[in-house]
Amino acid sequence: MGKRFSYSEYSSLRNEVIARISIINGQTNSAILTIISTWSAGIALLALLLGNRNINSIYALMLDVMGTFVFMVPIIYFLPLAIKSGENLIQIASLSAYIKVFYEYRTSVGDCDMELFNWETSNNLISNVNVDRGKASKYMKQYNGEYTYLALSSLSFFIVRAIFSVIELYNIYNFSWKFIVLISIMYFSLLIVSILRCWEIHKVSNVKETMMKSTNELISQYLDRAVELKYISQDKRETAFTFLNPKKSID
């Protein structure tokens, strides 16, 4: 039990937590900028089409399909962005769990003569975002949910634009009903793909599916690692887990 703390490591871990929070906020700005740009492009293509009723039907078809498809671009782009954001949430939970186990537990219970480290453990007692506390976490479950909402908004625009596209191609440009059916099938296929993408975006980015569900398991795994390294004795493992239990709270 003679292992000692590394103050430089603790400082590095805390800085990484802060950096990852900043990255999450930065990714949100990128998502908003992307969706504004693509929506603007979609509206511009629609205006170009409406302002040139006498253009060649093939050109009209290209503008119409492009103007509809552009609303899918944010949904395609948001999935990898949401995965990165969700991974940052998991890493924040992992860093927090590591700090609690290897820095805060033994100093909090007076098991060593080092300075007290207790921010992560104390913050967990009053936080409604680290774990799912039911009604208390109702609004915090929406944290990092902007990817889902923005993707669903773009999906709504896609649906409206697709319906308008079919009507325009049939009534204004007189494409045959067989061709319209083919276009409708294509739009419907894209709709199904987009819905599945939106669900994937929600699963990988929202705080309930990432941070809240992983925190309890991470504490347990780091405690097992601490026992393996003989940093915490096996007989104190359950006591340590009770002390660090993420679901524990202050009323």
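Here, each number is a calculation from the coordinates, and none is a lab measurement. From a predicted model like this one, the values you see are computed outputs, not experimental measurements. For neighbour counting, all protein chains shown are included, and Cβ atoms are generated from backbone atoms with ideal geometry for every residue, glycine included.
Observations
- Identification of helices (runs of 4 or more DSSP H) wholly contained in region 20-116 with 2 or more residues that are among the β-branched types (Val, Ile, Thr) yields 57-69, 73-99.
- Pairs meeting the criteria (first residue in region 182-203 and assigned to a helix (DSSP H, G or I), second residue of a type in the set (Phe, Trp, Tyr), beta carbons under 6 Å, at least 6 apart or on different chains) are 201/78; 201/147.
- Screening residue 122 with (1) surrounded by fewer than 20 Cβ atoms within 10 Å (Cβ to Cβ); (2) part of a helix (DSSP H, G or I); (3) of a type outside the set (Val, Ile, Thr); (4) touching a helix residue (DSSP H, G or I) at 6+ places or on another chain (Cβ under 7 Å) gives one miss only, at (4).
- Restricted to region 237-249, and to residues there that are in a helix (DSSP H, G or I) and in contact (Cβ under 8 Å) with a residue 40 or more places away in the chain, the residue that is nearest to residue 86 (Cα to Cα) is 244.
- Test: residue 188 is surrounded by fewer than 21 Cβ atoms within 10 Å (Cβ to Cβ), out of contact with any helix residue (DSSP H, G or I) (no Cβ under 7 Å at 6 or more places or on another chain) and of a type in the set (Phe, Trp, Tyr): yes
- Selection status of residue 249, farther than 30 Å from residue 58 by Cβ, under 27 Å from the mean Cα position of the chain (by Cα) and polar (S, T, N, Q): yes
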